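Some notes on the structure that comes next.
Derivation of every value follows stated rules applied to the coordinates shown; laboratory data play no part. In this text, all values refer to a predicted model and were calculated from it rather than measured experimentally. Cβ coordinates were reconstructed from backbone atoms using ideal geometry, including for glycine residues, and neighbour counts include every protein chain displayed.
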Amino acid sequence: MAGNSARRGAVRKGGKKGPQVGSGGQRRKQLEGKGPTPKAADRPNHKAHRSAKSAAKRTPSRSAKKRGATSSEVVAGRNAVVEALRAEVPVTTMYVAGRIDADDRVREALTIATQRGIPVLETPRGELDRLTDDAVHQGLAVQVPPYEYAHPRDLSHQELPGVPLVVALDGITDPRNLGAIVRSTAAFGGHGVVVPARRSAGMTASAWKTSAGAAARIPVAQAANLTRALEDFRKEGFFVIGLDMDGDVDLPDLDLASEPLVVVVGSEGKGLSRLVRETCDQIVSVPMSSAVESLNAGIATGVTLYEIARRRR
């Protein structure tokens with residue numbers, strides 16, 4: 001009933017009624033300032049923020065690029081390790097498996113490492129398997145900085161004994177093939193190997209291992225453009241010959257063997273690329289039985305280099 005003060009809730013509690021200030025002036029209830037408005041790219045729900053986040057995922061950070069550029073390689077295997085140490089490759093750490101069966105190579109590696117002050121770490125075989133990515137390390141491995149490639153021009157200006165002989169790779173993507181070719185080049189008096197900067201195998205630990213340490217003696221150059229590098233070699237007086245099944249001449253009839261040579265090796269599947277083939281002075285075939293369609297790139301290179309070395313004697 002109106003005016004009935006006995007009704008529950010009818011009595012006004014609190015002080016006298018008067019003018020009230022806004023909510024910002026209610027002392028405890030007053031709003032606190034949040035500072036200036038953030039930029040659009042810093043607001044999680046803004047389109048600009050989502051775009052910036054997507055761009056960051058697509059582009060690696062500068063620190064990530066730097067880490068990738070300076071990542072080291074692990075060379076595994078007794079021959080490869082000893083050859084690298086003999087050539088004074090700047091090894092940073094040597095890993096030796098516990099309870100290793102020490103032969104002459106292991107003892108020589110330990111002696112050189114001690115003389116040069118290289119840290120030697122005794123490592124469990126399981127950890128050594130992990131460090132070498134399950135390579136056949138024979139209980140011995142070393143960590144080396146990234147390979148420093150030469151420039152193709154350096155190979156044409158070398159003052160080395162014998163007639164210049166360079167091997168160039170066109171489309172070889174298996175580092176084991178690269179290592180085998182480097183090894184054959186060293187064995188048959190070659191002066192260097194050229195690889196393209198793109199779509200080609202590089203001097204990784206796998207290539208080092210397959211080369212059995214020959215990569216410490218034979219420079220490997222990296223060419224931004226292989227066709228242009230071959231043209232530069234021709235200007236320096238080299239003859240460029242390419243290996244292909246459909247050649248102009250068979251290997252035993254190679255009359256250019258005694259001249260300064262660049263031997264270009266293509267991939268087993270695709271062979272020489274069109275531009276590289278057009279740059280060659282001669283295309284050479286390795287004779288073989290009709291039962292065999294093609295040779296592995298490393299084997300074909302070894303056979304060719306042997307024949308060139310034989311004819312140069």
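General remarks:
- ³J(HN,Hα), Karplus 6.51/-1.76/1.60, whole Hz, each residue of the range 89-96, x for Gly, Pro: 4, x, 6, 9, 8, 10, 10, 10
- ³J(HN,Hα) computed for each position of the range 144-154 - Karplus, 6.51 cos²θ - 1.76 cosθ + 1.60, integer Hz, glycine/proline x: 10, x, x, 5, 9, 6, 7, 9, x, 5, 5
- Using the average count of surrounding beta-carbon atoms within 10 Å as a protection proxy, the listed peptides 304-311, 248-255, 163-170, 236-243 rank, highest first, as 163-170, 236-243, 304-311, 248-255.
- Taken one residue at a time, the phi angles of the range 255-264 give Karplus couplings (6.51, -1.76, 1.60, θ = phi - 60°) of 7, 8, 4, 7, 9, x, 10, 10, 9, 9 Hz. Gly and Pro are set to x.
- Hydrodynamic radius of the range 196-285 by the Kirkwood approach over all distinct alpha-carbon pairs: 14.4 Å.
- Amide proton proximity set for Thr123, modelled H, under 5 Å, gap of 5+: Val96, Ala97, Gly98
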